[in-house]
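Structure first, commentary second.
The values are calculated or read from the model by the stated rules, or taken from the named source; none is laboratory data. These numbers were taken from a predicted model, which means no experiment stands behind them. Methodologically, a virtual Cβ is constructed for each residue, glycine included, from the backbone with ideal geometry; neighbour enumeration extends over all protein chains shown.
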Ligand SMILES: Cc1cc2nc3c(=O)[nH]c(=O)nc-3n(C[C@H](O)[C@H](O)[C@H](O)COP(=O)(O)OP(=O)(O)OC[C@H]3O[C@@H](n4cnc5c(N)ncnc54)[C@H](O)[C@@H]3O)c2cc1C
């Protein structure tokens, strides 16, 4: 049993690491415990498909720095949350009651049935272990063709990486443009242009069947196309990794990142579900946004437990970049469902810049290609009245 000044942070990725570091840096005097549910040290997940898959970094090299000597890192999985008592049960059977609990367990890939059934040639790329496993498959003799299902961030980056490694890559997606949900149509069209000729794209297509057989996997598309490949990467997006809390729909939070369901429970990063003033619910699953939420949640904890100043509402202004075929794609803020996209003028005729607005006109996000400076200027106005 812990004393009730303990703050438990479940998850040691972007949000969990930032939450624990903020608690210590900003003077929390009680115990801080971080629960990490994967083998090995906590690591930077963005490096999974940019460095670990390619063998550029080992897991040790992709590890996050230790938060502080006096933060306890517990290698276990959280298996249950008692929200009314702010207590967590771990896979080793322990139950830790605490003064406050931050849910920072991130996301999990939408599982494909064949992955669940243990088919080794059908994989996800989410964890460091996934990247190591896929790397092992690439080293098998005669592996020259891969199919990637899904053209979101992970699908596009993995397709680009596998094609860069010399494989023939088929990229299949229901959407008619890669990354269109996150970047808007104009930027997504340019991303498609960057991938053209590098990977073979089957956009606007539905997968009817994935059939593993001798030496490969056959994928049947709704237009009658049959794709044969040696391995398949399924990148059909993610779900909040919150099944252990009793819901796999994520933790609904208020604007201070307090969980709706428990008085001393908070959530940050991929596990947190935000709600706009128009009632639209969404998650923001990027590294910097998750870290900013971890920091914000910790400041709310400090306010609630120790009388620190109210951090005010969390506002998503952080961004992310994607480097593809020598071109940087960048975005800031969010694109909540229903956001209105507007094309912005830029000085450079090669640049594309799109801003995203709420129904009342407020700027909530922006995305661009070759438009870094203009994007930064827009970023300063995100969520300004
Ligand atoms: C392959 C890949 C590439 C990406 N590239 C980029 C990029 O370039 N830029 C970008 O901005 N974002 C990128 N992202 C997204 C980014 O990694 C996430 O948005 C970010 O990691 C979310 O932070 P988080 O703290 O919410 O979750 P995570 O960083 O995923 O951390 C979750 C933590 O919770 C732990 N955990 C999960 N379940 C349990 C449990 N039951 N018990 C205990 N611990 C548990 C995990 O082990 C981990 O420590 C990428 C994601 C992937 C999968």
* Does residue 53 satisfy the criteria of being under 29 Å from residue 150 (Cα atoms), surrounded by 16 or more Cβ atoms within 10 Å (Cβ to Cβ) and within 9 Å of the ligand (Cβ to nearest atom)? -> yes
Given (1) crowded, with 18+ Cβ neighbours inside 10 Å; (2) more than 15 Å from the ligand (Cβ to nearest atom); (3) at positive phi, residue 147 misses just (3)
Those residues of region 244-264 which are in contact (Cβ under 8 Å) with a residue 60 or more places away in the chain, surrounded by fewer than 24 Cβ atoms within 10 Å (Cβ to Cβ) and at negative phi amount to 244, 261, 262, 263, 264
In region 80-97, anything surrounded by fewer than 16 Cβ atoms within 10 Å (Cβ to Cβ), within 11 Å of the ligand (Cβ to nearest atom) and either not in a loop (DSSP other than H, G, I, E, B) or not assigned by TED's automatic domain parsing to the domain that holds residue 267 (or both) is listed as 80
Flagged in region 294-313 as out of contact with any strand residue (DSSP E or B) (no Cβ under 8 Å at 6 or more places or on another chain) and under 22 Å from residue 380 (Cα atoms), in numbering order, are 295, 296, 311, 312, 313
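If we keep just the residues of region 1-14 that are more than 9 Å from the ligand (Cβ to nearest atom) and in a loop (DSSP other than H, G, I, E, B), which is modelled with the lowest pLDDT?
Checked region 1-14; the qualifying residue modelled with the lowest pLDDT is 1.
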> Going by the conditions given, is residue 59 assigned to a loop (DSSP other than H, G, I, E, B) and either within 12 Å of residue 294 (Cβ to Cβ) or at pLDDT below 95 (or both)?
Replying inline: yes
The residue that is farthest from residue 277 (Cα to Cα), considering only those in region 248-261 that are within 13 Å of the ligand (Cβ to nearest atom) and assigned to a loop (DSSP other than H, G, I, E, B), is 248
If we keep only residues of region 169-203 that are more than 24 Å from the chain's Cα centre (by Cα) and loosely packed, with under 15 Cβ neighbours inside 10 Å, then the residue farthest from residue 355 (Cα to Cα) is 197
Open item on the list: Among the residues that make up region 143-155, is at least one of them within 12 Å of residue 195 (Cβ to Cβ) and part of a strand (DSSP E or B)?
Closed with: yes
Considering only region 15-25, I want to know if a residue exists there that is more than 26 Å from residue 93 (Cα to Cα), more than 13 Å from the ligand (Cβ to nearest atom) and surrounded by fewer than 19 Cβ atoms within 10 Å (Cβ to Cβ). yes
Of the conditions (1) away from the ligand (no atom under 11 Å from the Cβ); (2) modelled with pLDDT of 95 or more, the single one that residue 139 does not satisfy is (2)
